[in-house]
Amino acid sequence: MLTTISVVFLIGGAMTAPTTGECPNILDAAGVSQMFAPMIAHSIHSLTLEDIRYFFEEDATEENGIPTVNMDLMSETRILPNAPLAGYDDDFSTRSMKTFDLVMRNMNRTWWGVANYDTLSKLTHAFHMAEIWDKTAEQYKLVKQLLDPESEVCECITDIDNNDVLNYLNLLAFKIKYPGITSGNTTLTDQYIVSRAKRSAAYRFGGGYNFFGGGGYDFGWKRSGLANFDGIDFDFSDIELLKDIAEKLVDGEEAVTEQVDSAEHWQTWREMVKEGMDESGYYDLAVFLFCMLN
């Protein structure tokens, strides 16, 4: 639920554009959490235009301004500037069947979605993200009634070049494509670096990206503090950045090695998925999406 301070603060519009230095206090006063940037990166990374229209704004356009991780992991384009049309099959009437069909149609594409996930794990991830957006939709309705898109809050929220949303989205793209890259496991990270230096596609080592951090949303950046992106320029290519990512952004986050391939392993994933996000995460996402879409 929206906090009292959020309700009071969100109603007014901005008199003058806030500076980057003023934004942390503005967002804090509006009830936006300190984990805003990494939480947003996780929550939007696989969002599609169809998802936006279904859960949030039915008239959203292809120029929607919501950046996402490119599902084509072999592409040199790491981040897409707008949530894309996924191509759901409208011959299916239910949301769940459309999602299931999309994953199954891409099940033979090794470098689609999440590296090193089997099909059931990819399905679990897809349905997990849909649950996040479904829970956020209720918060979005409330935020839409209270928040002025011209407010200082939205000025700060939409400044994704300076509020670390784009940085965390790029970092997440690396973690999805190179699971364990920030683990500090030099044996693994050296394999990635050497293999990519040769421009080889054969760099499938270890497991897949651990979206749940081994226990709900205990992200690597929570354990080690917010990431310091000084000296990291995500305009450079994967090959140029891998060494810096592996050495400068270590957070101890290991790859997940258990797939959804047995009832026992599903029990582990089930508990992680059920834990979900804190209420603050759904609120942060609702505020972000409203400001970006309006």
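The values are calculated or read from the model by the stated rules, or taken from the named source; none is laboratory data. Note that the coordinates shown come from a computational prediction; the quantities given were computed from them, not determined experimentally. Note that each Cβ is placed from the backbone with ideal geometry, even for glycine, and that neighbours are counted across all protein chains shown. Ligands, DNA and RNA are excluded from the accessible area calculation, which covers all protein heavy atoms including side chains. Shrake-Rupley method; radii C 1.70, N 1.55, O 1.52, S 1.80 Å.
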- Item | Of all residues making up the range 102-126, the number that are closer than 19 Å to GLY276 by Cβ and of a type in the set (Asp, Glu) | 0
- Task: Name, by its number, the condition in (1) without any contact (Cβ under 8 Å) to a residue 40 or more places away in the chain; (2) surrounded by fewer than 17 Cβ atoms within 10 Å (Cβ to Cβ) that does not hold for LEU49.
- Result: (2)
- Query: Is it true that ALA83 is open to solvent by less than 80 Å² (accessible area, probe 1.4 Å), over 30 Å from ILE239 (Cβ atoms) and either touching a Ser or Thr at 6+ places or on another chain (Cβ under 6 Å) or at pLDDT 95 or above (or both)?
  - Reply: no
- Message: I'm checking my understanding of the structure. Among residues of the range 262-276 that are open to solvent by 100 Å² or more (accessible area, probe 1.4 Å) and acidic (Asp, Glu), which one is modelled with the highest pLDDT?
- Response: GLU264
- Is it the case that the range 53-70 has a residue that's open to solvent by 20 Å² or more (accessible area, probe 1.4 Å), at pLDDT below 95 and either farther than 20 Å from TYR282 by Cβ or not in a loop (DSSP other than H, G, I, E, B) (or both)? no
- Query: Looking only at helices (runs of 4 or more DSSP H) that fall completely inside the range 94-198, which ones have 1 or more residues that are within 17 Å of the chain's Cα centre (by Cα), at pLDDT 90 or above and surrounded by 22 or more Cβ atoms within 10 Å (Cβ to Cβ)?
  - Reply: 119-146, 152-157, 165-177
